[in-house]
Amino acid sequence: MSTFPQMDARLERRILEELKRRNMLSTDGITTVFGKPAIRQGEPGPEALADAAAPQKRLVELAYATPWTGECSCAAWIEEAFVRLGYGHVDGDAFELCRKYLGLDDLAELKVGMAVGVEHHPYGAQGLTYGHIGLYIGDGKILDCADDRVRCAPLALWLSIYGAMDDPRWGWLDHLALDRVKPEL
């Protein structure tokens, strides 16, 4: 089990300042106006890339190679990376994928290759309706498709930012546990 990377104090201050600027920080200064923690950290941590099985590592490689799929297309991007892995096809927006596949919330259960998402977030109409989803790539990092690019972010930062309104959850797309799949020879 890896250690969950902690955010430094400077980054925590920036998150709190941004939440306050957007009128999303409650008066206690540690929760959002939605009643969620403003900063999400904790141990034990999720799985490290080095500890992952071959199919999990392959999905990370394919995710890095999957180009940006367009504005407001985080789900399409993660679906494309999954299809490239060759184990089938999943379909839906981030909200639907969260509802269907993401039910875990214990960081100790977060594995490389799992989707991480929220059903809603407060950063625009699309986020309120469809949420956001990314892919855990190990070592406390997440890849997602947002704005005009595929980006890599520290997991603690991603969970804090997107967890302002809904609690983030994770799980295997198509309920396919890649840590248990036998790689094809």
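The distance separating the Cα centre of segment 68-123 from that of segment 146-170 comes to 12 Å.
If only the Cβ of Lys and Arg carry +1 and only the Cβ of Asp and Glu carry -1, the dipole of the chain around its Cα centre is close to 300 debye. Among I133, I15, sorting on how many other beta-carbon atoms sit within 10 Å of each Cβ, with the fewest leading, yields I15, I133.
Modelled spin labels at A48 and A9, positioned 7 Å past Cα toward Cβ, are 2.8 nm from each other. Take the Cβ atoms of R84 and E109, set R0 to 25 Å, and the FRET efficiency comes out at 0.50. Free of any GluC sites (Glu not before Pro) that DSSP assigns to a loop and that have at most 15 other C-beta atoms within 10 Å, the longest stretch within the chain is 72-183. The ranking of M165, M24 by Cβ neighbour count inside 10 Å, starting from the fewest, reads M24, M165. Using the charge dipole of the chain (Lys, Arg: +1 at Cβ; Asp, Glu: -1 at Cβ; taken about the Cα centre), state which of G124, C98, Y87 has its Cα farthest towards the positive end. Ranked along the dipole, the leading option is G124. Note on H132, H121, H175: ascending count of other Cβ atoms within 10 Å places them as H175, H121, H132, the fewest first.
The modelled label-to-label distance between C152 and A125, using points 7 Å beyond Cα along the C-beta direction, is 3.5 nm.
Ordering M165, V33, L178 by the projection of their Cα atoms onto the charge dipole of the chain, which places +1 on the Cβ of Lys and Arg and -1 on the Cβ of Asp and Glu, puts V33 at the extreme positive end.
A straight chain from A177 to S26 at 0.36 nm per residue would run longer than the Cα-Cα distance by 50.5 nm.
Partners of K141 within straight-line reach, counting lysines whose Cα lies under 20 Å from its Cα and excluding those fewer than 8 residues away in the same chain: K57, K111.
Every number in this text was worked out from the coordinates using simple rules, so none of it is lab data. Note that the coordinates shown come from a computational prediction; the quantities given were computed from them, not determined experimentally. Don't worry about glycine lacking a Cβ; one is built from the backbone with ideal geometry, like all the others, and counts go over all protein chains shown.
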